[in-house]
Amino acid sequence: MLETYIRNRQKKKNLLLMTHIVMGYPSFDACHDIIDQMVAAGVDLMELQIPFSEPMADGPVILRANQTALERGATVVKCMAFAKEMAARYPIPFLFMTYANIPYKFGMAAFAKATADIHLTGAIVPDMPMEEGTEYIQAMQENLLSPIQMFSPSTSDVRMAQIASIASGFIYCLARKGVTGADTDFSDDLTQYLDRCRKAASVPLAVGFGIHDKADMDFLRGKADIAVIGSQTIRVAEDHGVNSVREFIQGLLPAA
Amino acid sequence: MKHRGYYGGFGGAFLPEILIPTFDELVSAFESAKTDPGFRKQYESLMAEYSGRPTPLTFAANLTRHFGGAKIYIKREDLNHTGAHKANNVMGQGLLVKKMGKQRVIAETGAGQHGVACATMAARFGFDCTIYMGEKDVMRQRPNVFWMEQLGATVVPVTDGTKILKDAINQAFRDWVTNMDTTHYVLGTACGPHPFPEMVTWFQSIIGIEARQQIMEREGRLPDRVYACVGGGSNAMGLFSGFMDDPVELVGVEAGGKGIDSGFHAARLSSADASYGIAQGYKTFFLQNDDGQMKETHSISAGLDYVGVSPILAHMHENKTARFESATDAEVVNALKLTMKTEGIIPALESAHAFAGAFREAPALLRDQILIINQSGRGDKDIFTIADALNDADWKTFIQTKAAQYHA
């Protein structure tokens, strides 16, 4: 389902854009405004992060957003309600992003069912490698959801093939080592790595970590299917206000 | 990633994809070290020559008389180089780092003992070293920060989250996912993703193996009970390892903080407040809320102030092969005072939890029964915290005078 949407959307533009927000940061109302602007600016799909107290894979920007959201009272129930409202209101696919403990405490089966009931299309859980994810992946598949799998530059060809065999929707390719938010070197190495990803997987490829601007987007065009922008939109909203998000997103896209 | 390190339902390796090859490499280095008798021998002679092992098993005649119950023995990890059991794990991992050909080590630290041990190892082996330490712990344990820096390590105060041990672990992982090609993360306790719980236990088992041998030589029989404090669980796993197949009761003592009912504690196994969870790369009992957000923990001792616990101990708790108790801050201070006055031994605040747990039970035991307390570290590092806990007026005057000199 998610893959079909992506392929259809690609008939109009070759590189789609996925953005990321942390639900409850700076507030649920502000999140709503940001999503409204992102959708209006042409974002194709979105990650809605359920904040977690120990976001191991996230860099300082998203880490602090997680912490602040929790301090301001974000709960799993509130995030689910918010996600439900967004999915009903906007015509793009939304995915949850969170850490393993959130679905684990919720109950894997219950989490997958709730995610399907509120019409999200999948989830990204960075600390749930395929070896540990059997129950989670099965629960998601039973609900026709995409448990998004990941590649990293250090993933071997053999392992890429294993991961690809259980992938659905798209595969999230980490552009580099490290955590979210730091700079990425858009180089030949990245091109070669994306070639390896492409050979291993038939589903679309999303590339994230360190994408800041239009030049980065242009680099990825033709090499990947989806560009992911996470920390940078949070930075823009923090530095220039929520209302600057639309302009920032529009600046990333080719002139219409 | 084949064997994922499960102990019952606990453990595993909940790793971001980027770290999978790094862990594959670590697992294979550890597996080959484990099956190579030469490696263990190299490790043991390093610990003998550099760290002063074996550490003594001291008969505490005065404490034994004081309680009038079981014979009390103390395993003296305080006499290990750097003043705690931490060196056992660190030197072992240092040998592995050399084997893997990496040049840089990073570590988290709570009380600072693991950080000091790691900085010491890095100095000895010629590695670059960065230590992550929660800002709150930097405040509590400034002397250890001073020593880490003198030993050549960079100490990074962690200002995120609750600013204690778990946050330092998160930050060390963030460093590792960026620098894993050159860097090994020397995790300090028997927690985290596989192979750390098993590997740290393997190195720390030197405590229990020695203790068993020493008590057999001395008494010609096994102890009835052994006590260890439990933060992450490495000193407990070390001591317990020597007695796993014996009819010996294994007792872990957690931080009861201001009392279990107060909610201000770090008792994951001995209270009903913790539940199954996945964080920091492994599955165990965590002190967390219903959503799965980790709670703030409390203890007078920075080293026990941790939300999770070794998956091996979690499993032993569930299948009842070990018993877990807690001791409050107040009980710990009393146990510390008594041990200093009666035996002339200064346990670390962490270790004093094991003493408090043993003191509670010793009087009810028979005179021919034997118990061993693991003194995981020495207490003089805690001089600021202990002086505060004892409310020592002369110490306060000294600090005020000293501060005035710096102002002048």
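The values are calculated or read from the model by the stated rules, or taken from the named source; none is laboratory data. Everything numeric here is computed off the predicted structure, so don't read it as measured data. Cβ sites come from the backbone with ideal geometry, for glycine too, and all protein chains shown count toward neighbours.
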**Q.** Those residues of the stretch B:129-159 which are assigned to a strand (DSSP E or B) and either farther than 20 Å from B:R104 by Cα or not assigned by TED's automatic domain parsing to the domain that holds B:K102 (or both), in sequence order
**A.** B:G134
Q: Name the single residue, out of those in the stretch B:46-85 being within 19 Å of the chain's Cα centre (by Cα) and in a strand (DSSP E or B), that is farthest from B:D380 (Cα to Cα).
A: B:L57
Q: Can you tell me which residue within the stretch A:165-181, out of those that are part of a loop (DSSP other than H, G, I, E, B) and of a type in the set (S, T, Y), is modelled with the highest pLDDT?
A: A:S168
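Could you please find all residues in the stretch A:139-163 being more than 13 Å from chain B (Cβ to nearest Cβ) and surrounded by 15 or more Cβ atoms within 10 Å (Cβ to Cβ)? If you could, list the steps in order and put the result at the bottom.
If we filter the stretch A:139-163 for residues that are more than 13 Å from chain B (Cβ to nearest Cβ), which is where we start, we get A:139-147, A:161.
Within the stretch A:139-163, A:A139, A:M140, A:N143, A:L145, A:S146, A:P147 qualify.
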Q) Given (1) in the same structural domain as B:G208 (by TED's automatic domain parsing); (2) touching a residue at least 24 places away in the same chain (Cβ under 8 Å); (3) of a type in the set (D, E, K, R), where does B:R4 come up short, assuming only one miss? A) (1)
**Q.** Search result, residues across the stretch A:35-88 that are within 29 Å of A:D183 (Cβ to Cβ) and polar (S, T, N, Q)
**A.** A:Q37, A:Q49, A:S53, A:N66, A:Q67, A:T68
Q.
If A:T115 meets every condition in (1) within 27 Å of A:G178 (Cβ to Cβ); (2) buried (at least 20 other Cβ atoms within 10 Å of the Cβ); (3) of a type in the set (S, T, N, Q) apart from one, which number is that one?
A. (1)
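Does B:F39 count as within 14 Å of another protein chain (Cβ to nearest Cβ) and surrounded by 14 or more Cβ atoms within 10 Å (Cβ to Cβ)? Full working, then the answer.
Numbers: within 14 Å of another protein chain (Cβ to nearest Cβ): no; surrounded by 14 or more Cβ atoms within 10 Å (Cβ to Cβ): yes.
No: the conditions fail for B:F39.
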Q. In the stretch A:43-75, how many are buried (at least 23 other Cβ atoms within 10 Å of the Cβ) and within 14 Å of another protein chain (Cβ to nearest Cβ)?
A. 16
Q: Please determine, by comparing only the residues of the stretch B:282-296 that are within 16 Å of B:N170 (Cα to Cα), more than 7 Å from chain A (Cβ to nearest Cβ) and assigned to a loop (DSSP other than H, G, I, E, B), which one is modelled with the lowest pLDDT.
A: B:E296
Q) When you look at B:W202, is it in a helix (DSSP H, G or I) and within 14 Å of another protein chain (Cβ to nearest Cβ), yes or no? A) no
Q: Determine whether the stretch B:136-146 contains at least one residue that is modelled with pLDDT of 95 or more and in contact with a Pro (Cβ under 8 Å, 6 or more places away or on another chain).
A: no
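Give the residues of the stretch B:314-334 that are under 16 Å from B:I300 (Cα atoms) and surrounded by fewer than 18 Cβ atoms within 10 Å (Cβ to Cβ), sorted by residue number.
First, the residues of the stretch B:314-334 that are under 16 Å from B:I300 (Cα atoms): B:326-334.
Residues satisfying the conditions are B:A330, B:N334.
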Q: Can you tell me which residue among B:M237, B:M244 is surrounded by fewer than 18 Cβ atoms within 10 Å (Cβ to Cβ), in the same structural domain as B:R360 (by TED's automatic domain parsing) and under 21 Å from B:F196 (Cα atoms)?
A: B:M244
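Select, from B:I312, B:I300, the only residue that is modelled with pLDDT under 95, away from chain A (no Cβ under 11 Å) and in contact with a Gly (Cβ under 9 Å, 6 or more places away or on another chain). Talk me through it step by step, then tell me what you get.
Numbers: B:I312 fails: modelled with pLDDT under 95.
Answer to the selection: B:I300.
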Q: Six or more apart or on different chains, Cβ under 9 Å: which pairs go from a residue in the stretch A:187-210 that's hydroxyl-bearing (S, T, Y) to one that's part of a strand (DSSP E or B)? Could you list them?
A: A:Y193/A:F151; A:Y193/A:C173
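I'd like the full set of residues that are within 14 Å of another protein chain (Cβ to nearest Cβ) and crowded, with 20+ Cβ neighbours inside 10 Å, limited to the stretch A:88-107.
Kept after step one, since they are within 14 Å of another protein chain (Cβ to nearest Cβ), are these residues of the stretch A:88-107: A:96-107.
Across the stretch A:88-107, the qualifying residues are A:F96, A:M97, A:T98, A:Y99, A:A100, A:N101, A:I102, A:P103, A:Y104, A:K105, A:F106.
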